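Below: the structure, in structure tokens.
The values are calculated or read from the model by the stated rules, or taken from the named source; none is laboratory data. Quantities reported herein were computed from a predicted structural model and do not represent experimental measurements. Here Cβ is always computed from backbone atoms with ideal geometry, including for glycine, and neighbour counts include all displayed protein chains.
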Amino acid sequence: MAAVLAARALRKSYRGKEALVGVDLEVCAGELLGLLGPNGAGKSTLTKIACGLVRPSSGGVDVLGRPAGSAPARAAIGYLAELFRFPSWCSADELLALHQRLSGSTGGAEERAELLELVELSHAAATRVETMSKGMQQRLGIAQALVGSPRLLLLDEPTSALDPVGRRIVRGLLEELRRRDVAVLLNSHLLSEVELVCDRVAIIADGRLVREGRPADLERPRGVEVETANGVKLFEGAGNEQAPEIVARLVAEGERIHRVEVLSSTLEDVYLEAVQGRTG
């Protein structure tokens, strides 16, 4: 599958300090990639280069095969920054109309209504931004990022201000974007959310890509825990394949088995291991 976003040997230096060091990364159509890393790891720099807001020192980023920052690449991108501000006096509908004019979208009222429905803000079309909760503003921000039907969506901490209901709404929206073949780069510190929705994760530390893959593939077995009548036994390093043999051996030894659990590392374990000892 062709990459919608492709970073190749991407490097960026600020006054002698390297923010990105030879990063290679792809996001394909219909794929949700979670971008993880400590503060200062280079996540925001990568996102800004993809948007064309920052120029790389070497290497580059292509969007749909066109250089980041070019008119075709910008037209294919929807972006929601972590710290965004909307005019407080605008209603939700007026804000989307403004972004339609800025992006050249011809979707009109129909597009605005569809986007508000997607983020479950149809009831708030006439509501002014200044009277909205932070969660409503965050969802409105996602709606504006979708103006013009972008093929690549860059989201920086899109669920940081949301309550559990709002996060559920965003998860449903991301699933819908996957069905529409939109590529999504999701920058988040909420590992539980990333684990729930993302097809792959990429972990950046000190400007380097230190781990990449599907969440399930990055996890590894921690052991098999067996609760018997004589207490709990932990067989470290064992996994699913070893569990039946362990149980059979214990039964043969006369143990009564009450519970068997295969323990595996979580995405949080993988993340902490990958960034341990690095700055951020």
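Taken over segment 204-233, the criterion of being over 30 Å from Leu46 (Cα atoms), in contact (Cβ under 8 Å) with a residue 12 or more places away in the chain and either assigned to a helix (DSSP H, G or I) or hydrophobic (A, V, I, L, M, F, W, C) (or both) is satisfied by Val224, Val226, Ala229.
Among the residues making up segment 67-93, a single one is of a type in the set (Ser, Thr, Tyr) and under 17 Å from Ser44 (Cβ atoms): Tyr79.
There is no residue in segment 121-132 that is in contact with an Asp or Glu (Cβ under 8 Å, 6 or more places away or on another chain), farther than 30 Å from Gly22 by Cα and in a helix (DSSP H, G or I). Just one residue in the set Val251, Val197, Val247, Val210 is β-branched (Val, Ile, Thr), at pLDDT below 90 and surrounded by 12 or more Cβ atoms within 10 Å (Cβ to Cβ); that residue is Val197.
Contact map, segment 246-261: first residue at negative phi and among the basic types (Lys, Arg), second residue surrounded by fewer than 15 Cβ atoms within 10 Å (Cβ to Cβ) and part of a loop (DSSP other than H, G, I, E, B), Cβ cut-off under 7 Å, separation 6 or more or different chains; pairs are Arg256/Ala229.
Is there a residue in segment 13-32 that is on the phi < 0 side of the Ramachandran plot and free of Cβ contacts under 8 Å to residues at least 12 places away in the same chain? There is at least one residue in segment 13-32 that is on the phi < 0 side of the Ramachandran plot and free of Cβ contacts under 8 Å to residues at least 12 places away in the same chain.
Criterion first (part of a helix (DSSP H, G or I), without any contact (Cβ under 8 Å) to a residue 60 or more places away in the chain, touching a strand residue (DSSP E or B) at 6+ places or on another chain (Cβ under 9 Å) and surrounded by 19 or more Cβ atoms within 10 Å (Cβ to Cβ)) does Gln138 satisfy it? So that I can check it myself, show each step before the final result.
Numbers: part of a helix (DSSP H, G or I): yes; without any contact (Cβ under 8 Å) to a residue 60 or more places away in the chain: yes; touching a strand residue (DSSP E or B) at 6+ places or on another chain (Cβ under 9 Å): yes; surrounded by 19 or more Cβ atoms within 10 Å (Cβ to Cβ): yes.
Judged against the criteria, Gln138 is a match.
The set of residues from segment 145-161 being among the β-branched types (Val, Ile, Thr) and over 22 Å from Ala97 (Cβ atoms) comprises just one member, Thr159.
Specify which of the listed residues (Val170, Val184) is modelled with pLDDT under 90, within 29 Å of Arg139 (Cβ to Cβ) and among the β-branched types (Val, Ile, Thr). Step through it out loud before you land on a result.
Numbers: Val184 fails: modelled with pLDDT under 90.
So the residue among Val170, Val184 that is modelled with pLDDT under 90, within 29 Å of Arg139 (Cβ to Cβ) and among the β-branched types (Val, Ile, Thr) is Val170.
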